[in-house]
Structure formats: structure tokens, C-alpha cells
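Notes follow the structure.
FYI, it's all coordinate maths here, none of it is from the lab. Predicted, not measured: the structure shown is a model, and the values here were computed from it. Quick reminder, even Gly has a Cβ in these numbers, built from the backbone with ideal geometry, and neighbours come from all protein chains shown.
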Amino acid sequence: MKFYPSERIGLFIDGSNLFATARALHFDIDYKRLLNLFSEQGRLVRACYYTAMVDDQDYSPIRPLVDWLDYNGFTMVTKPTKEFTDSSGRRKIKGNMDIELAVDVMEMMQYLDHVVLFSGDGDFRRLVEAVQRKGLRVSVVSTIQCSPPMIADELRRQADNFIDLKDLQPSIERMADTRHRDDYDDEDEEDDEDWAESA
């Protein structure tokens, strides 16, 4: 990773995309370790996590993760999923957070020197370019270690720095024996596969 000690760093995490990437690499993320890792690289200003949530359920499988992150140093940005029926009559759930993430990056960039985007979504290429024009550096975290790669080629080319999530695994992987008493159980996220894949 290429960071300078004096840099003001902002993390912007596309929750469903990061979850799918970690799952493709067959490991679970310890978000406390992730926060600590980037806090050591410079001056961490903000760590934002974006996810859509199914609103009409008494219990959402992702709720424990959202609550844990909210209490442990992350800024949570959530919105309800939208349900629709596709042309073949199948029920689909949509929960895209791209606009919210992009707006927050644009609003916060005057307070940052380095944006770290956790997503492989090619739609963010234009955002990365706009932020770079304002003099900020942008690192993108995703992976090319699975088939197909989880990052769009145009996003990887645009970034100043590409960080493969696989390379971060030793530093951020959740170990069974290091779980904290108040930790969430992100394995419940698999129950939300519909919204994760549609985001």
C-alpha cells in the first residue's frame, strides 16, 4: 500500500460489493482490524460503510453487522431496498448505494488527501477521475484473484493505486479465536444474497 504519514484518509466501503469480494476469496473480514490497518497508514478522517437493508422484516440478517459498525468507528449510510417484479414475473430486490457513496466522496474531498474506495464497480470510474482532478489520490480495493475478477478493468486503470483484497487478507481476516465478545456474525449476510447481488 502506498500512503504518506501526513495524508488525511477517507474509506468508502460499498458493503455488498466488499462482502461479495471477500466471499469470492473465501474469508470473513474483521472490520476492527481493517479500521486499525488504515488508521496506521495516515490520519483516518472517516470510514463510511454503505448498505441497503430490507425494511419490511422484523429482523434483518445484516442488522447485527450494521449495529456493530455503527458503534465501532464507522459512519453507516443505509437505505431501504426496493422490491419489484421483473418481466418474467420474478420478485427482485434492488438496493444500489452508488449515488450516496459518490455524493459523500464529493462532499468530503476538501477534507481529504487520499480516498480509499472498496468496490470493483466500473460505474465509479468517473467519480475517481473527478476526485483526481481535484488533486486527491485514489486507491481502489477489490480483487483480480478470482475468475472473473471482481474489479472492472476501467476502474483499476483509473485508480492511482490498486490494492488486492487478497493481499490484505492476513491483516484483516477474522480469526475464530480472536472474536470479540460484542462482535457481529457476518455469516448472516449470506441470507441477504438477493440484495447483495442486485446492488
| request: Would you mind checking which residues have amide H under 5 Å from SER60's amide H? H placed 1.01 Å from N; only 5 or more apart, or other chain. | output: none
| query | Counting only the backbone N, which residues of the stretch 2-27 are under 20 Å from the spot 7 Å out from the Cα of GLU40 toward its beta-carbon? | reply | 2-12
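Please work out how much length the chain gains when fully extended from ASP67 to ALA130, using 0.36 nm per residue of separation minus the C-alpha to C-alpha distance, in nm with one decimal. Walk me through the numbers before you get to the answer.
On the way: separation 63, 0.36 × 63 = 22.68 nm, distance 3.22 nm.
19.5 nm is the gain from fully extending ASP67 to ALA130.
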| remark: With THR75 itself left out, Lys, Arg at +1 and Asp, Glu at -1 over residues whose Cβ is under 13 Å from its Cβ give -3
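Ranking VAL54, VAL141 by Cβ neighbours within 10 Å, fewest first, what do you get? Numbers along the way, then the final one.
Working: VAL54 19, VAL141 28.
Ascending Cβ contact count within 10 Å gives the list VAL54, VAL141.
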| message | Counting other C-beta atoms within 10 Å, and keeping those with at most 12, which DSSP coil chymotrypsin sites (Phe, Trp or Tyr not before Pro) do you find in the stretch 58-131? | response | TYR59
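For the chain, what relative contact order do you get, as a whole percent, if you take Cα pairs closer than 8 Å and at least 6 residues apart?
Details: 341 pairs, mean separation 59.3, N = 199.
30 percent.
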| note | the stretch 1-72 and the stretch 103-134 have their Cα centres apart by a whole-number Å value of 16 Å
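Can you give the calculated 222 nm mean residue ellipticity of the chain, where each DSSP H run of n ≥ 4 adds -39,500 (n - 2.57) and the sum is split over every residue, rounded to the nearest 500 deg cm²/dmol? Can you show the working numbers first?
Numbers: 8 runs with 68 residues, N = 199.
So the helix-based figure for the chain works out to -9500 deg cm²/dmol.
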| Flagged links, alpha-carbon separation over 26 Å, of LYS32/LYS166; LYS32/LYS79; LYS2/LYS94; LYS2/LYS166 | LYS2/LYS94
| request: Report Rg (one decimal) and Dmax (nearest whole number) for the chain, counting Cα atoms only, units Å. | output: 16.5, 54
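Counting other beta carbons within 10 Å of each residue's own, what order do CYS146, CYS48 fall into, fewest first?
Details: CYS146 14, CYS48 21.
Ordered by Cβ neighbours within 10 Å, fewest first: CYS146, CYS48.
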| remark: Scalar couplings 3J(HN,Hα) for the stretch 153-161 by Karplus 6.51 cos²θ - 1.76 cosθ + 1.60 (θ = phi - 60°), nearest whole Hz, x for Gly and Pro, are 4, 5, 6, 5, 5, 6, 5, 5, 8
